Amino acid sequence: MCGIVGAVAERDVSPILLEGLRRLEYRGYDSAGLAVMDTHNLLHRHRAVGKVSALDAAHASAPLTGSTGLAHTRWATHGAPTEANAHPHLARDEVAIVHNGIIENHESLRKRLTADGYHFTSETDTESVVNAIHARLAAGDDLFVGVQNVLSELEGAYALGVISTREPGRLIAARRGSPLVIGVGIGEHFIASDVAALLPVTRDFIYLEEGDVVDLTRDSLTIYDTNGQPVDRPVRTTELTADAAERGEYRHFMAKEIHEQPRAIAETLEGRISDNRVLPEALGPEATALLEQAQRIQIVACGTSYHAGLVARYWFESLAGLPCDVEVASEFRYRRHVVPAGTLFVTLSQSGETADTLAALREAKTLGYLASLAICNVPESSLVRESDLVMMTRAGPEIGVASTKAFTTQLTALLLTVIAAARRQGLGESEESRLVAALCHIPRQIEEVLTLESKVEALAEQFVDKHHSLFLGRGSQFPIAMEGALKLKEISYIHAEAYPAGELKHGPLALVDADMPVITVAPRDDLVEKLKSNLQEVRARGGQLYVFADAASAPAADDGCQVLILPSVDEVLAPLLYTIPLQLLAYHVAVLKGTDVDQPRNLAKSVTVE
């Protein structure tokens, strides 16, 4: 969840490290720090609570210069967001470390090291690691061997960067359970938790595998695998550019990403359909055979991705006739499983580094699933590398913590997968052609919805003084209501929850009054008339309704029911279209309330710890 940047070069690395942190701000953090080794081989450090701008200010007043350094943005796990708990951590001014992840046995390490005379200045698990490394160096290990020896003692997850005044110009990095990449330059090398941090200085990257340890200098790079053996990892050139993470004309990244959805969906479709048919090869060379063998589907995901999985359950069962279970990854890991024969295991993740989803995939490999399919937005992520089949979403960089285009491109990729599977289960050619044609039309329909933004903004003004809200949907629109509620609570901090509309009378109706806005998605489908009856229950109790609906089935608007008409859309594709006004509503409510839209409090973009 945190951000790591490190560098060993001939030039001053401080500007590179600080710019890297700025480019990782989207990940979520509460403090930041920088440590640089100067020309006299002495370590100097700045740390600050809050934004990277506070660290910038500290650096501007007392600049740090040097050719080897580490920087970090921290999201608090062990210990509150304080300067003392911020990274980098130092051991006796000789070793500096940055760390993502959680060291589960840090308390036993701390007790041992305290007994050995080490003084701790923070509450973090990380400080146990840096002191343990220092102890190994004091015992005679060189930096690489010392780090290796300490890694063998650690329990938990980590991505690490380590430098020492004893060996200037050397940087050791390692990963287990948290992502880390190596940036390859000319006469310089870098580390980062995300390629976005290093795009101004290189486009050539090595994506480390689980258990890798790397020994870096300006001119050399050696990678050792989990067995301690030297290993070659390919250098890959990213297609991302340094301006890929810029807001452009938009006030916030979230607004930009909402408006990028038509293009992102079109790119997710590109090359995967032909003559109104889905090409199953888009999932990989073995996809056809595996889809023919699939007898049921198990989807595992977290957060917004979980909601995409819930929509897909309706599609898999109604279109492909395949039973489908959907589970939150953090729950999947901690129960006993019965795996029916022929079950395809599907994971969904924007980053491909979500800790709980990755752990679920790794456990699934031991449980006898037919195969694993990852639907993901990051080509070189751990989830992609460790799955049998892959469907990339092509959303491009998503910076805003509240996911938008990653969600709709996940839905697009899922529907392509469902159609490919449905063909194996007897979906007719004419029905497939109809669905694919409708899917190809969705980008244009979303553009139509985006033209309604000013109307949604006007609705948002009525939410600014509200403290609670209720979202309703039926059928495949219930997960869309869940996603709408998540968006509103994430960025506006208004309490929001979602219910199937038919469940109103089983509890939520007790909450409905004039101060509880009720937001409803109501496309034209087989359940819309029942939904209208549910809405009457709200009106009868003085509730204020906000309804997004199809013109052919919209309820009558009045003082207590405001209706926004959306373009007519195929019933199957309605989840893709109806999520757009909910994203816009959450965005404009948050803007009016003055919250930090792109980096909401307490949240992180990439959840790489459990």
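Remarks
- Set V547, V569, V521: member being under 24 Å from T268 (Cβ atoms), part of a strand (DSSP E or B) and at pLDDT 75 or above: V521
- Hits in region 253-275 - residues which are polar (S, T, N, Q), surrounded by fewer than 16 Cβ atoms within 10 Å (Cβ to Cβ) and either in contact (Cβ under 8 Å) with a residue 24 or more places away in the chain or in contact with a helix residue (DSSP H, G or I) (Cβ under 6 Å, 6 or more places away or on another chain) (or both): none
- Qualifying residues in region 81-111 (those that are touching a Ser or Thr at 6+ places or on another chain (Cβ under 9 Å), without any contact (Cβ under 8 Å) to a residue 24 or more places away in the chain and of a type in the set (D, E, K, R)) - the one surrounded by the most Cβ atoms within 10 Å (Cβ to Cβ): R110
- Counting only strands (runs of 3 or more DSSP E) that sit wholly inside region 199-245, those with at least 2 residues that are in contact with a Gly (Cβ under 9 Å, 6 or more places away or on another chain) are 204-207, 213-216.
- For region 431-446, the count of residues that are surrounded by 22 or more Cβ atoms within 10 Å (Cβ to Cβ), in contact with a strand residue (DSSP E or B) (Cβ under 9 Å, 6 or more places away or on another chain) and assigned by the TED database to the domain that holds V572 is zero.
- Selected residue (only one of S178, S164, S220 is within 30 Å of the chain's Cα centre (by Cα) and polar (S, T, N, Q)): S178
- The listed residues are A402, A359, A374, A413, and the only one of them that is hydrophobic (A, V, I, L, M, F, W, C) and surrounded by fewer than 24 Cβ atoms within 10 Å (Cβ to Cβ) turns out to be A359.
- Taken over region 100-128, the criterion of being part of a helix (DSSP H, G or I) and touching a strand residue (DSSP E or B) at 6+ places or on another chain (Cβ under 6 Å) is satisfied by T126, E127.
- Applying a threshold of 7 Å to beta carbon distances and a minimum spacing of six or more residues, or different chains, the list of pairs starting in region 220-238 at a residue that is acidic (D, E) and ending at one that is outside any loop (DSSP other than H, G, I, E, B) reads D225/V231.
- D116 vs. criteria surrounded by fewer than 16 Cβ atoms within 10 Å (Cβ to Cβ) and touching a helix residue (DSSP H, G or I) at 6+ places or on another chain (Cβ under 7 Å): yes
- Per the listing L283, L319, the residue uniquely aliphatic (A, V, I, L, M), in contact (Cβ under 8 Å) with a residue 40 or more places away in the chain, within 25 Å of S403 (Cβ to Cβ) and surrounded by fewer than 22 Cβ atoms within 10 Å (Cβ to Cβ) is L319.
- Any hit, region 503-517, residues being modelled with pLDDT of 90 or more and either in a strand (DSSP E or B) or among the aromatic types (F, W, Y) (or both): no
The values are calculated or read from the model by the stated rules, or taken from the named source; none is laboratory data. This structure is a prediction, so every number in the text was calculated from the model and none was measured. Cβ atoms come from the backbone with ideal geometry, glycine included; neighbour counts cover every protein chain shown.
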